[in-house]
Amino acid sequence: MTVLTTSKPISDCTSDSMLPMWAEIVKIEQEAPRIKTYWMKFKDPIVQDTYSFQPGQFNLLTIPGYGEAAISISSHPRHTEAIGHTIRLAGNVTHAIDRLGVGGTLGVRGPYGSTWPLEKLKGLDIYIAAGGIGLPPLRPVIYHIMDNRADYGKVVLIYGARTPEDLQFTAEHDSWEKAGIELMICVDSCDDTWTGLVGVVPMLFYRLRIEPKNSALLTCGPEIMIHFAAYEAIARRVPRKRIFVSLEKNMKCGFGSCGRCQLGPYFVCKDGPIFNYKKIGPYLEVEDF
Amino acid sequence: MTPEQELISALQTIPWFQDLNPEYFDKLAGISSLIEVEAGEKLYQQGDKQDYIYVVLKGRVAVEIAIPGKGRTRIYTAEPIEMLGWSSVTPVVRQRTASAVTVLPCLLVRMKASKLQKLCDQNHSLGYVVMRRIANVAASRLLVTRFQLLDIFSHSSDEGSNV
């Protein structure tokens, strides 16, 4: 039996990988209240021309005097003329990035971390379960699938947010559907104008007819949602080895030196953020981890 | 196809009835009707003592609760093959604890709840299938309620965040 693994993390601890490269914010898009996509270009044309990343990876964004924040890349993995980071304004660093505005300069180091194992999932039905700010790390997966649609079976995006106003990338949803991705979107609460679903992401699994031998789940969002999405997939006999999760922990250094993002024997920044559930699942169920 | 045959065919499409002995479909048809409802119509109102249970065959129905000072809040939507008004089949007679409003045009099976309860009491194998389903519905609604109570998408953890 083969256990599918995520790709080997690209992070290393050489001095080059620790150096931020300067980038300019060229565009800002409001996705939802307090959530924006910041499009950046590297100032060094050689870095800009050679920069590449894989779906699931993240960069560390640096604002001198404020600190660093690990942010997943949310843009198209093949269109790197500008790199998109979708950020929820939460604390010092993210607010400082927002204050920079278009034309502002910040440090970017990366990409770091493991990737969604899309090559290994070819031929399978793909279920993507995202909650809230968990969608941006999965958007590059959607783009990859759209570009290579024939390589995958049924593709379903199960996406939940707090309210309809909190849904992200809504301008793109039609194009995702046209590309053959089924969308199941739900919100926790809404007013009368919303004609979509009210409920929670794990509940939407009740409405799916999953062929477990031929399916994989990729999920990112609040940890409790990840846990229950994986639980529902496992209840439908999707093997743990074909469930992949992206974890958000307090990443700091980016290569497993500081230990802030340690989860059991793993460092989320170095061994993740994408993990095979068979490997990481037991640690998600440990209280206080 | 006669209306009764049409109703039996509709009942046979409900997956959780597929364990039933065929003879029960006639009995269920005797206490059921097939109804078409336009979008925006109320199936039942919070506080009613209306005695029906519904199964959605097509469309979407919202379950809403009126909160004093806040107005109506949508807490759930039911999709095809989901059940609504199920608490009226449980032993304690209650008034409706929420309202149900169609969000899209709907086709529904409507069953007289008191008669269904009586059928279940008289035919335990039918009762087992119905109550097993209701237990499943209650468990899934409980999970939804837990998540809503947890408010997992709230930003309360942002306070004091360095990121």
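Worth pointing out:
- Carbon plus sulfur fraction of accessible area for the protein assembly as shown, probe 1.4 Å, in percent: 52
- Per-residue surface analysis assigns A:ASP147 an accessible area of about 70 Å², computed on protein heavy atoms at 1.4 Å probe radius.
- For segment A:217-289 versus segment B:1-54, the inter-centroid distance based on Cα atoms is 44 Å.
- For segment A:137-270: relative contact order, % (alpha-carbon pairs under 8 angstrom, 6 or more apart): 17
- Normalised contact order of segment B:3-148, rounded percent, pairs of Cα under 8 Å and 6 or more residues apart: 30
- Debye equation applied to the C-alpha atoms of segment A:125-246, log10 I(q)/I(0) at 0.23 Å⁻¹: -1.48
- Heavy-atom accessible area order for B:HIS124, A:HIS95, largest first, 1.4 Å probe: B:HIS124, A:HIS95
- Segment A:234-289: GluC sites (Glu not before Pro) falling in loop per DSSP and having at most 14 other Cβ within 10 Å: A:GLU285, A:GLU287
- When the accessible areas of B alone and A alone are added and the area of the pair subtracted, with a 1.4 Å probe, the result is around 2700 Å², both sides summed.
- Taking the DSSP bridge list for chain A and keeping only pairs wholly inside it, about 60 percent are antiparallel.
- Heavy-atom accessible area, 1.4 Å probe, ligands and nucleic acids excluded: residues of segment A:177-208 down by at least 30 Å² from chain alone: A:ASP188, A:CYS190, A:ASP192, A:THR195, A:LEU197, A:VAL198, A:VAL200, A:MET203, A:TYR206, A:ARG207
- For A:LYS41, the lysines whose Cα comes closer than 19 Å to its Cα, not counting residues fewer than 8 places off in the same chain, are A:LYS27.
- Extension gain, A:ASN214 back to A:TRP22 (0.36 nm per residue minus Cα-Cα distance, nm): 64.7 nm
- Solvent-accessible area per residue, Å², over segment B:1-156 with all protein chains present [probe radius 1.4 Å]: 51
- Three semi-axes describe the equivalent ellipsoid of chain B; taken as square roots of 5 times the Cα gyration tensor eigenvalues and ordered largest first, they are 33, 18, 16 Å.
- Exceeding the 21 Å Cα-Cα cut-off - candidates B:LYS27/B:LYS112; A:LYS154/A:LYS278; A:LYS252/A:LYS279; B:LYS49/B:LYS112; A:LYS120/A:LYS252: A:LYS154/A:LYS278; A:LYS252/A:LYS279; A:LYS120/A:LYS252
- Placing unit charges on each Cβ (+1 for Lys and Arg, -1 for Asp and Glu) gives the protein assembly as shown a dipole about its Cα centre, and among A:ASN59, A:CYS253, A:TYR266 the Cα reaching farthest toward its positive end belongs to A:TYR266.
- Built amide H within the under 5 Å cut-off of A:ALA129, gap 5+: A:ILE158, A:LEU218, A:THR219, A:CYS220
- Distance between the modelled labels on B:THR97 and B:LYS118, one decimal in nanometres: 2.6 nm (7 Å Cα→Cβ projection).
- Heavy-atom accessible area, 1.4 Å probe, ligands and nucleic acids excluded: residues of segment B:60-78 down by at least 30 Å² from chain alone: B:ARG60, B:ARG72, B:ARG74, B:TYR76, B:THR77
- Taking only the C-alpha atoms of segment A:34-133, the Rg (one decimal) and the largest Cα-Cα distance, Dmax (whole number), read 14.6, 48 Å.
- ³J(HN,Hα), Karplus 6.51/-1.76/1.60, whole Hz, each residue of segment A:109-117, x for Gly, Pro: 10, x, x, 10, x, 7, 10, 5, x
- Computed accessible area, B:ARG96, all protein chains, 1.4 angstrom probe, square angstrom: 20
- Span from the segment A:81-118 Cα centroid across to the segment B:94-140 one, whole angstrom: 50
- Phi angles of segment A:79-89 translate, via the Karplus equation with coefficients 6.51, -1.76, 1.60 and θ = phi - 60°, into HN-Hα couplings of 9, 9, 5, 9, 9, x, 10, 9, 10, 8, 5 Hz per residue; Gly and Pro are given as x.
- Heavy-atom accessible area order for B:LYS118, A:LYS122, largest first, 1.4 Å probe: B:LYS118, A:LYS122
- Remark: spin-label model distance B:ALA66-B:SER125 equals 4.5 nm, labels positioned 7 Å along the Cα→Cβ axis.
- Basic side chains Lys and Arg get +1 at the Cβ, acidic Asp and Glu get -1 at the Cβ, and with that the dipole of the protein assembly as shown about its Cα centre reaches some 820 debye.
- In this view, the solvent-accessible surface of A:ASP151, computed with a 1.4 Å probe and all protein chains in place, comes to about 50 Å².
- When the residues B:LYS27, A:LYS36, B:LYS49 are ordered by accessible surface, computed with a 1.4 Å probe over the protein chains alone, the sequence from largest down reads B:LYS49, B:LYS27, A:LYS36.
- Annotation: average projected area of the protein assembly as shown is 24.7 square nanometres, based on the convex hull of Cα atoms across all directions.
- Segment B:2-17 - phi-based ³J(HN,Hα) in whole Hz, Karplus 6.51/-1.76/1.60, Gly and Pro as x: 6, x, 5, 5, 4, 5, 5, 4, 5, 4, 6, 7, 7, x, 6, 8
The values are calculated or read from the model by the stated rules, or taken from the named source; none is laboratory data. Every value quoted in this text rests on a predicted model; they were computed, and no experiment measured them. FYI the Cβ positions are ideal-geometry reconstructions off the backbone, even for glycines, and counts take in every protein chain you see. Remember, those area values only see protein heavy atoms, side chains included, never the ligands or the DNA or RNA. Shrake-Rupley method; radii C 1.70, N 1.55, O 1.52, S 1.80 Å.
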